[in-house]
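Peer 1: This is the structure, below, for whatever I ask next.
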Amino acid sequence: MSASIVDTATNSADEKAFRKPGIRYNPNRVAHNLNKLGLGYFSPFARLIGRDEPAKQVREILTNTLLPVVAFAVFILIWSVLASIVKTDSVQIPSPHQSWYALTGKAIPLLGHPFPDSVDGHSKPYFAENEGLDPKSINGFAAAEKANAQKYYVSQNERVQKFKDRATAAEKEGDSEKAEKYRGNAEMFASKTYQGNKTFYDQIWISLLTILIGFVIATLIAIPIGVLCGISPLFNVAVNPLIQLFKPVSPLAWFPIVFVLTTWGIDTPPSDSIWQRALWTSAGVVMLCSLWPTLINTAVGVASVDRDHLNVAKVLKLGWFKRIWKIVLPASLPLIFTGLRLSIGVGWMVLIAADMMAQNQGLGKFVWDMYQNGDTMSTAQIIVAVFVIGGIGFFLDRIMLVFQRLVTFEDQSI
Amino acid sequence: MSAYFEAINLGKTYKTPSGDAVIVDGFELTMKKGEFVCVLGHSGCGKSTVLSMVAGLNEISTGSVILDGTEIEAASPDRGVVFQSPCLLPWMTTWDNVMLGVNQVYYHASKQERNQIVEYYLTVVGLADAMKKRPGELSAGMRQRVGLARAFALSPKMLLLDEPFGMLDKLTKFELQQVLLDLWNRERLTAMMITHDVDEAIYLADRVVMMTNGPAARVGEIVEIDFERPRDRRELMLDPRYIEYRKQLISFLEERVYLLDSPSNKTLAA
């Protein structure tokens, strides 16, 4: 007996009794939940585990896996061909192998070295100090930075210890003034942190932090204004022209204005503070561009709440606040989340440009720096960044999709 | 006869580009306290318009409605409405859907008392096991049970039912009519129910009000249903008066269809 997910409650009592003896694995329910979480790819696996039409599931898994793999292989092929054709004096389109090398710092065995001009010979055990990783590659650079940081902290500890020893020695001699001075020195050195270069992975985190700030501020502004637009036609008439006017503006045009704002509002903070002018400029640009989809969708959602639901509010004489909080907002949540999903997509897209302009230490800055380097290795790193940017964008979209599905009821008009 | 509810010269007119569209005109009805009236008529004749005006969800164009000595103005929980689609809020559980109204009406009561009220009505309509479920998990019949519980839990002065069982299958309909009658027998609320089901009207009502066809629909005929309560459906069916009532109601409706179709009537109505 395969219990359907939407089993009506008429026979729920029987089913409850039937299920009671132990928790049974319900492949249908698991598959349904996976779909809801945007992990639809895995639902045939869940069904397969539950022996639910195994042949069909295997077929589905094969199709879902093989087809994308084939398409990806074709893409790699076209890319390789293009890479071998498009070459200028100084750069070329990096090949897939070169891009792989730019990320990992290691050549793929049997394929030879992807940058034969930069090293002599193919089998040379290069870069012994970085576990054999090319320090110009992303991972090689990160490893080098890690090693540098370690070195820094070792020597720092030594120095701190030295001053502490001196302090105790001075104390024994009875020179408390000197001891105090040495102790102060020890403290001063202990408080310092390693100010190395940002690695690619640091920059990913900074980018995520930037979009989080921009997106949260955008949401906090857009939803209340959107709700006001939705419930008050007068407010909507008043504000709509402004929305339509500012919605299509490019992030590059907003940048100088936001820059003025942050320059006015933020003094130069210590370098480990999050109040970095560049970060907030970048977040501000993201905010200004990702505001609109949420705002407009919220307004539409609030304005189009089911009449029946509003009638319920009328009959019950719900107050203004209760009406908004209990009826209007929940009813428009699906559209609000559609807006948020669009917003985070726009925000992520804008972020790279904003990082470039503001010189925020995010992925945009990484792309910009590599572009300024201008050699093939740097271009290969840009390709890696493109994949990472795409992957993170996809991931963010999926997270929002899950939220969107969680707040959407299968049957809104009940 | 003391009139508890009174609709005086009630009318609804919509302004349209091609002049006024008179939907309801001169609707007159008085009801005693605790009376159950069914309003019967063809679909589109303006039954629901009358009900939504009484509920305060639709503006009254002419005339007035007086309930318990005061003229009604806006919608209020003193008139509990059961809608055709149950209109439950899908993001709330059954319990919360009923509690939403109870909180409004019994704001002075303690949390415990309010819980008791919600629990009582949900149990009476047979949903003791489904209190924590969301409407999406319930069948159409069960949703409408929640709708009934929600309306009765308000302890309204008057109950307004807008074809509440119109979208249900015949068997579920019978069940819910029974639930409605059981509830009504306990509380004897003054009730106005819109329906186009003749059997439903005879089974439930003290009086059946038949409306003429629109435009400008009004009360055409009123039939007193003289069965004593509590009623039993099977006994009713065997009663010779049942056939008589049925004939009376259907002939009125059929006559209207005939009149509507005849060309002379069309020119008259225009």
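Peer 1: Among (1) away from chain B (no Cβ under 14 Å); (2) farther than 30 Å from A:G196 by Cβ; (3) surrounded by 16 or more Cβ atoms within 10 Å (Cβ to Cβ), there is one condition A:L252 misses while meeting the rest; what is its number?
Peer 2: For A:L252, the exception is condition (3).
Peer 1: Restricting to segment A:336-367, give me the number of residues that are away from every other protein chain (no Cβ under 14 Å) and either aliphatic (A, V, I, L, M) or over 22 Å from A:P248 (Cβ atoms) (or both).
Peer 2: 21
Peer 1: I'm trying to understand the selection: among the residues of segment B:137-169, which are in contact with a strand residue (DSSP E or B) (Cβ under 9 Å, 6 or more places away or on another chain), among the basic types (K, R) and within 11 Å of another protein chain (Cβ to nearest Cβ)? Write out each step before concluding.
Peer 2: Within segment B:137-169, the subset in contact with a strand residue (DSSP E or B) (Cβ under 9 Å, 6 or more places away or on another chain) is B:144, B:147-148, B:150-166.
Next, from what is left, pick out any that are among the basic types (K, R): B:150, B:157.
B:R150 - this is the single residue of segment B:137-169 that is in contact with a strand residue (DSSP E or B) (Cβ under 9 Å, 6 or more places away or on another chain), among the basic types (K, R) and within 11 Å of another protein chain (Cβ to nearest Cβ).
Peer 1: Out of all the residues in segment A:387-409, is one or more crowded, with 22+ Cβ neighbours inside 10 Å, in contact with a Gly (Cβ under 7 Å, 6 or more places away or on another chain) and within 14 Å of another protein chain (Cβ to nearest Cβ)?
Peer 2: Looking for residues that are crowded, with 22+ Cβ neighbours inside 10 Å, in contact with a Gly (Cβ under 7 Å, 6 or more places away or on another chain) and within 14 Å of another protein chain (Cβ to nearest Cβ), one finds none in segment A:387-409, hence no.
Peer 1: Here's something else I'd like to know. Restricting to segment B:72-115, and then to whatever is of a type in the set (F, W, Y) and closer than 26 Å to B:M192 by Cα, can you tell me which residue is farthest from the other protein chains (Cβ to nearest Cβ)?
Peer 2: B:W95
Peer 1: Now a separate question. Quick check: anything in segment A:231-244 touching a Leu at 6+ places or on another chain (Cβ under 6 Å) and in the same structural domain as A:S343 (by TED's automatic domain parsing)?
Peer 2: Yes - at least one qualifying residue is present in segment A:231-244.
Peer 1: A follow-up question, please. Taking the options B:G41, B:G26, B:G69, name whichever one is surrounded by 22 or more Cβ atoms within 10 Å (Cβ to Cβ), more than 14 Å from chain A (Cβ to nearest Cβ) and not hydroxyl-bearing (S, T, Y).
Peer 2: B:G41
Peer 1: Mind checking which residues of segment B:9-65 are under 19 Å from B:E224 (Cβ atoms) and of a type in the set (V, I, T)?
Peer 2: B:T30, B:V37, B:V39
Peer 1: Turning to a different aspect of this structure: Considering each residue of segment A:215-268, count those that are at pLDDT 95 or above and in a loop (DSSP other than H, G, I, E, B), and give that number.
Peer 2: Number satisfying all stated conditions: 0.
Peer 1: Can you name every residue in segment B:207-224 that is surrounded by fewer than 19 Cβ atoms within 10 Å (Cβ to Cβ) and farther than 22 Å from B:M53 by Cβ?
Peer 2: Scanning segment B:207-224 gives a single hit, B:E224.
Peer 1: Within segment B:19-53, restricting attention to residues that are of a type in the set (S, T, Y) and modelled with pLDDT of 85 or more, which residue is nearest to B:D199 (Cα to Cα)?
Peer 2: Applying the filter and picking the extreme gives B:S48.
The rows are residues; the columns are (1) touching a Pro at 6+ places or on another chain (Cβ under 6 Å); (2) surrounded by 11 or more Cβ atoms within 10 Å (Cβ to Cβ); (3) without any contact (Cβ under 8 Å) to a residue 12 or more places away in the chain; (4) of a type in the set (K, R).
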position: A:T65; (1), (2), (3), (4): no, yes, yes, no
position: A:I85; (1), (2), (3), (4): no, no, yes, no
position: A:I93; (1), (2), (3), (4): no, yes, no, no
position: A:S99; (1), (2), (3), (4): no, yes, no, no
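Peer 1: Another question, if that's okay. With the requirement that a residue be assigned to a loop (DSSP other than H, G, I, E, B) and of a type in the set (D, E), what does segment B:19-40 give you?
Peer 2: Within segment B:19-40, B:E35 is the sole residue that qualifies.
Peer 1: Hey, could you check segment B:175-207 for residues that are assigned to a loop (DSSP other than H, G, I, E, B) and not hydrophobic (A, V, I, L, M, F, W, C) and say which is nearest to B:I222 (Cα to Cα)?
Peer 2: B:D206
Peer 1: Among (1) out of contact with any Pro (no Cβ under 7 Å at 6 or more places or on another chain); (2) assigned to a strand (DSSP E or B); (3) buried (at least 18 other Cβ atoms within 10 Å of the Cβ), there is one condition B:G80 misses while meeting the rest; what is its number?
Peer 2: Among (1) out of contact with any Pro (no Cβ under 7 Å at 6 or more places or on another chain); (2) assigned to a strand (DSSP E or B); (3) buried (at least 18 other Cβ atoms within 10 Å of the Cβ), B:G80 violates only (1).
Peer 1: I would also like to ask the following. Evaluate the following for A:A107: is it small (G, A, S), at pLDDT below 90 and assigned to a loop (DSSP other than H, G, I, E, B)?
Peer 2: yes
Peer 1: Applying the selection to segment B:44-66, what residues are in contact (Cβ under 8 Å) with a residue 40 or more places away in the chain, touching a Ser or Thr at 6+ places or on another chain (Cβ under 8 Å) and within 14 Å of chain A (Cβ to nearest Cβ)?
Peer 2: B:N58, the sole residue that qualifies.
Peer 1: Condition test on B:E228, is it part of a loop (DSSP other than H, G, I, E, B), more than 14 Å from every other protein chain (Cβ to nearest Cβ) and without any contact (Cβ under 8 Å) to a residue 60 or more places away in the chain?
Peer 2: In short, yes.
Peer 1: Can you tell me how many residues within segment B:80-114 are more than 26 Å from B:G166 (Cα to Cα) and out of contact with any Phe, Trp or Tyr (no Cβ under 9 Å at 6 or more places or on another chain)?
Peer 2: Of the residues in that region, 10 qualify.
Peer 1: Hey, B:R134 hits all of (1) among the basic types (K, R); (2) within 28 Å of B:F5 (Cα to Cα); (3) within 11 Å of another protein chain (Cβ to nearest Cβ) but one; which does it fall short on?
Peer 2: Exception for B:R134: condition (2).
The values are calculated or read from the model by the stated rules, or taken from the named source; none is laboratory data. Being a predicted model, the structure only gives us computed values, none of them experimental. All Cβ positions, even for glycine, are placed from backbone atoms using ideal geometry, and neighbour counts span all protein chains on display.
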